[in-house]
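In what follows, a structure is listed as structure tokens, so that the remarks can point back to it.
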Amino acid sequence: MPWKSKVNAAVEGMTGYVITRARPRPAPLPPPRDEPRRPADPEIDRLLRGPVFVLSPVRSGSTLFRVLLNSHSRIHAPHELHVRRIAVTLTTEPVRQAMEAAGHRTSDIEHILWDRLLHRELVRSGKEIVVDKTPSNVFAHRRITTCWPDARFVYLLRHPASIVRSWHEADPQARPVEEAVRHTLQYMRHLEESRRGHEGLVVRYESLVDETEGELRRVCAWLGVEYEPGMIRYGDKDHGEFVKGIGDWRDKIRSGRVQRGRPLPAPEEVDEPLREIAEAWGYL
């Protein structure tokens, strides 16, 4: 008898237990791919009504826009929430069966979770309108309108060449100009795709910093609230920490006041890959 069998027999005789090799646990089943769909019953399935999403490329002044809006007594604009990256995994077949019996796909449950998180932000603020300004939402504009069919969009535009320069200058070594063009152009193209498919309010960064009161009055009218002069003095309000990864964190936004933007690039300074978007947005 092999020694392992002898040892096992002895242990079994003394304790009544048998030593066996541990088997690895099976990996959780991957979540099934499904086609996201609109809520079956919006009155029950959604807590939010008419949530607002600011769609913008990176380095377009979205954090400034956020804190200006958040300074209004009726508008809550939290830091970037990245809800589209929050996913649900159903790890066993029984839970999948249970959710299917309840009429839920995985994406349905994700939508319920997204809605609950944003609704919680709004309720905790004590305000009436929630505004999410996460730039990467441009890649999920279809999913957003599927989750919230009554979603409203504000399109925050900036001169494409200024976007590229700002992105490049933030880290010149890691972001050479060619990479900055490639990276930011993805945001611009998806934003333009959304503009063509969904109505919304267009706000230009250049107008926001040069004619702040006039632009905020226009935005407030579109949102259905009265303009409040204190919005411009955003530094008087608490907007949470300015932290890298969930918004701008540099000295300019920390100053607490609106500052003028850089001069617009001359037409000949606009890189060829950016010219089509620059023309579509009225900068050329």
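Looking at the range 260-284, which of its residues are modelled with pLDDT of 90 or more and under 25 Å from the mean Cα position of the chain (by Cα)?
L274, I277, A278, A280, W281
Mind checking which residues of the range 228-244 are farther than 16 Å from V130 by Cβ and surrounded by 17 or more Cβ atoms within 10 Å (Cβ to Cβ)?
Narrowing the range 228-244 to residues farther than 16 Å from V130 by Cβ: 228-238, 241-244.
Matches in the range 228-244: M231, Y234.
Looking at the structure I just gave you, is V138 modelled with pLDDT of 95 or more, of a type in the set (A, V, I, L, M, F, W, C) and either under 23 Å from V258 (Cα atoms) or in a loop (DSSP other than H, G, I, E, B) (or both)?
no
Residues to consider are L122, L118, L90; find the one that is modelled with pLDDT under 95 and either part of a loop (DSSP other than H, G, I, E, B) or in contact with a strand residue (DSSP E or B) (Cβ under 7 Å, 6 or more places away or on another chain) (or both).
L90
Given the structure, is S207 surrounded by 13 or more Cβ atoms within 10 Å (Cβ to Cβ), over 24 Å from G50 (Cα atoms) and at pLDDT below 95?
Here the answer is no, as S207 does not meet what is asked.
Could you tell me whether S194 is of a type outside the set (V, I, T), touching a residue at least 40 places away in the same chain (Cβ under 8 Å), touching a Leu at 6+ places or on another chain (Cβ under 9 Å) and assigned to a helix (DSSP H, G or I)?
yes
Can you say whether G214 is assigned to a loop (DSSP other than H, G, I, E, B), out of contact with any Gly (no Cβ under 7 Å at 6 or more places or on another chain) and of a type in the set (G, A, S), as far as the supplied structure shows?
no
Since G247 meets every condition but one in (1) at pLDDT below 95; (2) within 30 Å of D150 (Cα to Cα); (3) open to solvent by 60 Å² or more (accessible area, probe 1.4 Å), which condition does it not meet?
Unmet for G247, out of (1) at pLDDT below 95; (2) within 30 Å of D150 (Cα to Cα); (3) open to solvent by 60 Å² or more (accessible area, probe 1.4 Å): (3).
So which pairs qualify, if the first residue must be in the range 115-126 and under 17 Å from E80 (Cβ atoms), the second must be in a helix (DSSP H, G or I), the Cβ gap must be under 8 Å, and the two must be at least 6 apart or on different chains?
L117/V83; L118/V83
Are there any pairs, at least 6 apart or on different chains, whose C-beta atoms fall under 7 Å, with the first in the range 210-230 and under 13 Å from L69 (Cβ atoms) and in contact (Cβ under 8 Å) with a residue 40 or more places away in the chain and the second part of a helix (DSSP H, G or I) and not aliphatic (A, V, I, L, M), and if so, which?
G230/D236
The values are calculated or read from the model by the stated rules, or taken from the named source; none is laboratory data. This one's a predicted model, so the numbers in the text were calculated from it and none came from an experiment. We place every Cβ from the backbone using ideal geometry, glycine too, and count neighbours over all the protein chains shown. Heavy atoms of the whole protein, side chains included, go into the accessibility calculation; ligands, DNA and RNA do not. Shrake-Rupley method; radii C 1.70, N 1.55, O 1.52, S 1.80 Å.
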